[in-house]
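Written out below as structure tokens is the structure these notes cover.
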Amino acid sequence: LQRMLSIAVEVDKSPKCSSCKIADVMFPFILNIPLRSQREALLNTMDSQLLRCKLLEQLFQHSCDLPTTLPLSLAKILYFLNHSSVLLPYQVHYPTSPLPFLLRKPFITTTVSQDETATWQRWDEMLQYLNLLLMSYQNVILAFPLADHLQSPFNDRMDLIIQKVKPRLQADDDINHLDVQLKIENFISQMQQVLGQPFPLQITEKLHLLQ
């Protein structure tokens, strides 16, 4: 499946455009995957870094209290940290259809009660995906020797690599340590209200990794 999705991104003249179209189709099904382990299996095994970026961007944009018009960038990822929740429901109902989950229509489920453990697990998953989005974005924009060429047509990439074309960084990628520190502090303040202190170790580790 992942290889087929990767090829589907590459065959278009504009991989950036095709990844957006495929992400639009896949996104409703991502929301209906019942288990975190299944969601992570799909996202972690993606061959296409560009498609993974688009899917995760949609996921965070969907959960923003105030959606942003920023293009995908380091500034947008920091924005997601303070304005998204990605509190995907943990579900106890499992579909009985033998069809692959990406081919099923969305189904109605019963959610597990939101106890304290489930709450921090949801925030932990949010940080997991934010780290994954950051790493995928860095691979798309800065990965040597393909730097920024994953968004270019496949047939043009060799010429771009030979010419040693440098990455085209956006203005919204120009962030500093103070920007990061302030966003992290705001997030910690939010978490203190929701989870209290001390934070679970998993939350702390993922936050340090993101910073």
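The values are calculated or read from the model by the stated rules, or taken from the named source; none is laboratory data. Predicted model, so just to flag it, every value in this text is computed and none were measured. With ideal geometry, Cβ positions are generated from the backbone for all residues, glycine too; neighbour counts draw on all protein chains shown.
Out of SER19, SER97, report the one residue that is over 30 Å from GLN181 (Cβ atoms), in a helix (DSSP H, G or I) and at pLDDT below 90. Among SER19, SER97, only SER19 is over 30 Å from GLN181 (Cβ atoms), in a helix (DSSP H, G or I) and at pLDDT below 90.
Let's see how each residue does on (1) in contact (Cβ under 8 Å) with a residue 40 or more places away in the chain; (2) surrounded by 15 or more Cβ atoms within 10 Å (Cβ to Cβ); (3) touching a strand residue (DSSP E or B) at 6+ places or on another chain (Cβ under 7 Å):
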{"position": "ILE22", "(1), (2), (3)": "no, yes, no"}
{"position": "ILE33", "(1), (2), (3)": "yes, yes, no"}
{"position": "LEU42", "(1), (2), (3)": "no, yes, no"}
{"position": "THR45", "(1), (2), (3)": "yes, no, no"}
{"position": "CYS53", "(1), (2), (3)": "yes, yes, no"}
{"position": "ASP65", "(1), (2), (3)": "no, no, no"}
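Of all residues in the stretch 40-65, those satisfying the criterion of being among the acidic types (Asp, Glu) and not in a helix (DSSP H, G or I) are ASP47, ASP65. Pairing residues of the stretch 187-211 that are free of Cβ contacts under 8 Å to residues at least 60 places away in the same chain and over 17 Å from LEU130 (Cβ atoms) with residues that are in a helix (DSSP H, G or I) and aliphatic (A, V, I, L, M), at Cβ distances under 7 Å and at least 6 apart in sequence or on separate chains, gives no pairs at all. Tell me which of these CYS17 doesn't satisfy, since it passes every other one: (1) under 22 Å from GLN138 (Cβ atoms); (2) among the hydrophobic types (A, V, I, L, M, F, W, C); (3) surrounded by 15 or more Cβ atoms within 10 Å (Cβ to Cβ). Unmet for CYS17, out of (1) under 22 Å from GLN138 (Cβ atoms); (2) among the hydrophobic types (A, V, I, L, M, F, W, C); (3) surrounded by 15 or more Cβ atoms within 10 Å (Cβ to Cβ): (3). For the stretch 55-83, a residue qualifies if it is farther than 19 Å from GLN138 by Cβ and small (Gly, Ala, Ser), and exactly one does: SER63.
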